[in-house]
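No value in this document is a laboratory result; all are computed from the given coordinates. Source: prediction; values computed, not measured. Every residue, glycine among them, receives a Cβ derived from its backbone with ideal geometry; neighbour counts consider all protein chains shown.
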Amino acid sequence: MTRSVDELLSELQDFAPTPDGADNVHRLNELLAGFAALPGCERVAPALLALLERHPQADFGAPGPLVQALESQSGYAALLAASLERQPTELTAWMANRLLNSKQSREDRAAWLARLTAVTSHPRAAASVRDSAIRFLDFQASRQGSPA
């Protein structure tokens, strides 16, 4: 299906995940088919994060189509950092951990560790998200052989 970025943005705004998550990934795969080839697709990244923030407990797959679409965009890390500050979700914390698993400068690594640490006490983060952030920090500390 050929669509414009504006149509995709509208569809993402209207997307309502199913409570049991049964077909969320399938529906998002269909919605995001051909995403990277759309002229102006970089405009969609904030809407992808907004969808995660609107539905912080929804099952969107891991990594799933939202993460794959986001990670295909250059500059998504800055958007992810802002999203973690607004409304941490399981997937955004997971994405931060993925960034920490990649090669990072010492400064960038420290910044992502600080962001994950902030998630552990973020007032809008669900308990499960805070717990995941703690597990990710523990994992990162074990990788470095020192406390996070």
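Which one, Leu66, Pro39, Pro19, is farthest towards the positive end of the dipole of region 1-75 when Lys and Arg carry +1 and Asp and Glu -1 on their Cβ?
Toward the positive end, the furthest listed residue is Pro39.
Could you list Phe60, Phe139 in order of exposure, starting from the residue whose Cβ has the fewest other Cβ atoms within 10 Å?
Sorted ascending by nearby Cβ count, the order is Phe139, Phe60.
Roughly speaking, what is the stretch gain from Ser105 to Ala62, that is 0.36 nm per residue apart minus the C-alpha to C-alpha distance, in nm to one decimal?
Between Ser105 and Ala62, full extension yields 12.9 nm more.
Quickly work out the Glu71-to-Arg54 label distance, labels modelled 7 Å from Cα along the C-beta direction, and quote it in nm with one decimal.
2.4 nm
With n ≥ 4 as the cut-off for DSSP H runs, can you work out [θ] at 222 nm for the chain, using -39500 (n - 2.57) per run divided by the number of residues, rounded to the nearest 500?
Helix-only estimate at 222 nm: -19000 deg cm²/dmol.
Need the C-alpha centroid separation for region 23-68 versus region 94-148, integer Å.
If you average the Cα positions of each part, the centres end up 23 Å apart.
Using the Cα centre as the reference, give the magnitude of the dipole from point charges on the C-beta atoms of region 87-148 (Lys, Arg: +1; Asp, Glu: -1; all else neutral), rounded to the nearest 20 debye.
100 debye
What does the charge dipole of the chain about its Cα centre add up to, to the nearest 20 debye, if the Cβ of each Lys and Arg holds +1 and the Cβ of each Asp and Glu holds -1? Kindly include the intermediate steps, with their values, before the conclusion.
Values: 14 positive and 17 negative charges, 130 e Å.
The calculated dipole for the chain is roughly 620 debye.
Relative contact order for the chain: what percent, with Cα pairs under 8 Å and sequence separation of 6 or more? Spell out each step's value before the answer.
Working: 150 pairs, mean separation 28.0, N = 148.
The value is 19 percent.
Let's test the formula: R0 of 41 Å, r as the Cβ-Cβ distance of Arg43 and Arg124. What FRET efficiency results, to the nearest 0.05?
Numbers: r = 25 Å, r/R0 = 0.62.
The value I calculate is 0.95.
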